[in-house]
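Enquirer: Pasting in a structure now, in structure tokens, and then I'll have a few things to ask.
The values are calculated or read from the model by the stated rules, or taken from the named source; none is laboratory data. Since the model is a prediction, treat every value here as computed from it, not as a measurement. Positions of Cβ are backbone-derived with ideal geometry, glycine not excepted, and every protein chain shown enters the neighbour counts. All accessible areas refer to the heavy atoms of the entire protein, side chains included, with ligands and DNA or RNA removed. Shrake-Rupley method; radii C 1.70, N 1.55, O 1.52, S 1.80 Å.
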Amino acid sequence: MTLANIQKGLAILVGAFVFYTAASGPFEGLIQRALFLALVSSLGFALYPLGAGTRWRPIGVAIDLALCSLVLIACGYVVWNYDEIMTSLPWATTIDKALTAGLVLAVLELGRRTVGLIFPVLVLVGLGYALFGNLLPGALRHRGFDTAFVTETIFLGDLGIWGMLTGVAATVIAAFVLFGALLLHTGGGQAFMDLAMRLGGRQPGGAAKIATIASGLFGMISGSAVANVATTGNFTIPMMIRLGYPRPFAAAVEAVASTGGQIAPPIMGAAAFVMAEILGLPYTTIILGAIIPAVLFYASVFVTVHFVALRRGLAVVPEDELPAWATILSPRRVAPILCALGGLGIGIWLGRSIATAAFYGVIGLLIAFIATEAGRLSPRAMIGKVINGLEDAGKGMVIIGVLLAGAQVLVSMINLTGIGVTLSSLIVSMAGDSVPMVAVIVGFVCLIMGMGLPTTAAYVLVAAVLAPAMTAVGVDPLAAHLFVFYFATISVITPPVCVAVFVGAGIANTNWLPAAGHAVRLGAVTYLVPFLLLLFPGMLFQGGPTAIAEAILAGAVLVLAVPTLLTGSPLVGNRLIDTALLLVVIALAIWPHPITPVIALAVYFGARRLGQRHKEVLA
């Protein structure tokens, strides 16, 4: 049996496991999590073999088999001893310590292979701090924990590696990864791309707007900015370059648009499901709170692209390259998407669990796919597409499963040592209980801590360490978590470690540094939106209609003023006066008073109208 066949078989097995447990309900907590981790780890070692293509691959095979065996034994041990672990709180034995060390080592090694070195190093620092933090001086010192206690925390209970994050990965997130993969493989991917081309292609900066729409649609499903850039960027970036767009700008547009997909309802990234579990809120509440910020994000990218296109004369997409509306709106294109979302909505409306609602969505999708493709595709071809979807879903779950299992180890060590509370107290004391100062410090630290990490892992880390600092000064918990979530998200486009930009620049065959500069300008409003969450309760649909309208107006002003300022688009025509006016407009927008956003809009459009009249006179 070839490695490719092993990969395919394991991926389908993972997808089938998720499909079955979404339909029938998960096993008991630790059993579900242990089985899931065993499956995704086995697939991970098959997908990311050590030493592939090198002379020492035989040594890599031996190491992979040893690590995979450790994972299977450890997970099997937990399944077999489930009742004892949950009822008697067993003391850690030498065997328990060995299994814990082997399991953590295997998970961290898979983390290194899938997302790089930074994440496993952070987990190791957390473990080292738990074991040796009693040797540190000052406020960072704790009483110290021996290997037995750490083993009991990580392995023999539901607070460590079998905790909430692994549980969410094994149920809700896995179900939505399956939902998204099947949606893309049964025609949703092409439908998204065709719709994006039709909506944006004939406007100024059409190719960049296509990238924005398509990446947003894909990103809502994939939940990974980097994966999204790699997927849609291979189509949109060459299109932009072919139409004369600067290579750094093309890379930046794709990176920023792909990042926004993670904060865009109704299917946000995996971190949104984790947030719902941490806060104990319905997922629909998270979605509601994210609607206005997501709209502001994409509106600002559109406006920025529009202004840049007008200034640089960027080309539109030729009409003969755009799909016809009849093709886009044909039943075989839209029915699977509508039925998938309809099934998802019905599941939520009936009060089913989010994972079961995703299963309803999958069933609606498959019914529509069979109904619209019967007669066009052979049964073998349709089954092949579904199997390919199961395979891709299984592969997508590897990174999520490994990351969240490793993140759960880190979070358990943060909670065990109390370092999160310590750092929160230090931040609050530095800021003097000032909400704006705490927010600035937390936002800056979030950007640093999130660099080089996938969004979900970055959010988990900052939520455990930094969100408590904001709630300690009176910030609403949902606002606090969305605040750190957004900063963790945009760390992937923030220099110097802007991984989404790196991938986009690689596809565009250009230097990443100018691309990063364009990315920061395109995503500038996103750096301000989190602060609007603190200033305007209406951003979260709280406080009534007046508060919501005030928040929307304030955001609309920023969407217009910030891109105008950063792209140098003229107002009255004098650069110095324009800059001063725009800074006044921005200041009025973020001043929390019902009338100030209205005044800001009046100043903006009044100045723009004055500039147009001046141009007409000169002409």
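Enquirer: Using a Förster distance of 45 Å, how high is the FRET efficiency between residue 315 and residue 574, based on the Cβ-Cβ distance and rounded to 0.05?
Expert: That gives a FRET efficiency of 0.90.
Enquirer: Please give the net charge around residue 327, taking every other residue with its beta carbon less than 12 angstrom from that of residue 327, where Lys and Arg add +1 and Asp and Glu add -1.
Expert: For residues surrounding residue 327, the net value is +2.
Enquirer: While we're here: Excluding residue 169 itself, what net charge comes from residues whose Cβ is under 11 Å from its Cβ, given Lys and Arg +1 and Asp and Glu -1?
Expert: Working: positive: 33; negative: 277.
Its environment carries a net charge of 0.
Enquirer: Then there is this: Expressed as a whole percentage, what fraction of the accessible surface of region 328-466 belongs to carbon and sulfur atoms when a 1.4 Å probe is rolled over the protein heavy atoms?
Expert: So the carbon and sulfur contribution to the accessible surface is 72 percent.
Enquirer: Still on this model: Could you give the distance between the Cα centres of region 63-97 and region 337-372, to the whole Å?
Expert: Their Cα centres are 36 Å away from one another.
Enquirer: Report the label-to-label distance for residue 378 and residue 4 in nanometres (one decimal), using points 7 Å from each Cα along the Cα→Cβ vector.
Expert: Going from the residue 378 label point to the residue 4 one covers 2.0 nm.
Enquirer: With each label point set 7 Å from Cα along the Cα-Cβ vector, what nm distance links residue 73 and residue 471?
Expert: Placing both labels 7 Å beyond Cα along the Cβ direction yields 4.0 nm.
Enquirer: Based on the alpha-carbon gyration tensor of the chain and its eigenvalue square roots a ≥ b ≥ c, which shape applies: rounded if a/c is under 1.5, prolate if not and a/b is larger than b/c, or oblate?
Expert: oblate
Enquirer: For the chain, what is the number of Lys pairs with C-alpha distance below 30 angstrom, counting only pairs 8 or more positions apart or on separate chains? Can you show the working numbers first?
Expert: Working: 8/385; 8/395; 97/395; 209/385; 209/395; 209/615; 385/395.
Counting lysine pairs in the chain gives 7.
Enquirer: Given the Cα-Cα distance of residue 16 and residue 415 and 0.36 nm per residue of separation, how much length would full extension add, in nm?
Expert: 140.2 nm
Enquirer: How much accessible area per residue does the chain have, in Å², with a 1.4 Å probe? Numbers along the way, then the final one.
Expert: On the way: 24610 Å² over 619 residues.
Result: 40 Å² per residue.
Enquirer: Multiplying the sequence separation of residue 425 and residue 387 by 0.36 nm and subtracting their Cα-Cα distance, what value in nm do you get?
Expert: On the way: separation 38, 0.36 × 38 = 13.68 nm, distance 5.09 nm.
Result for the pair: 8.6 nm of gain on full extension.
Enquirer: Sticking with this one: How much FRET efficiency would the formula 1/(1 + (r/R0)^6) give for residue 134 and residue 158, where r is the Cβ-Cβ distance and R0 is 41 Å, rounded to 0.05?
Expert: 0.95
Enquirer: On to the next question. Can you give me the % of accessible surface on region 5-120 that is carbon or sulfur? Probe 1.4 Å, all protein chains present, nothing else counted. If you can, show how the numbers build up before the last one.
Expert: Details: 3910 of 5610 Å².
Carbon and sulfur together cover 70 percent of it.
Enquirer: Related question: Rounded to a whole number, what % of the accessible area of region 495-554 do carbon and sulfur atoms account for, probe 1.4 Å?
Expert: Roughly 70 percent of what the probe reaches on region 495-554 is carbon or sulfur.
Enquirer: Hey, with R₀ at 56 Å, roughly what FRET efficiency would residue 87 and residue 370 work out to, going by the Cβ-Cβ distance, to 0.05?
Expert: Result of the calculation: an efficiency of 0.75.
Enquirer: On to the next question. How do 198, 312, 143 rank by accessible surface area computed with a 1.4 Å probe, from largest to smallest?
Expert: Ranked list, largest accessible area first: 143, 312, 198.
Enquirer: So what is the 222 nm mean residue ellipticity for the chain from helices alone, if each DSSP H run of at least 4 adds -39500 (n - 2.57) and you divide by all residues, rounding to the nearest 500 deg cm²/dmol?
Expert: Rounded to the nearest 500, the figure is -25000 deg cm²/dmol.
Enquirer: Further question on the same structure: Any chance you could run the full-extension gain for residue 593 through residue 338? It's 0.36 nm times the residue separation minus the Cα-Cα distance, nm to one decimal.
Expert: Between residue 593 and residue 338, full extension yields 87.8 nm more.
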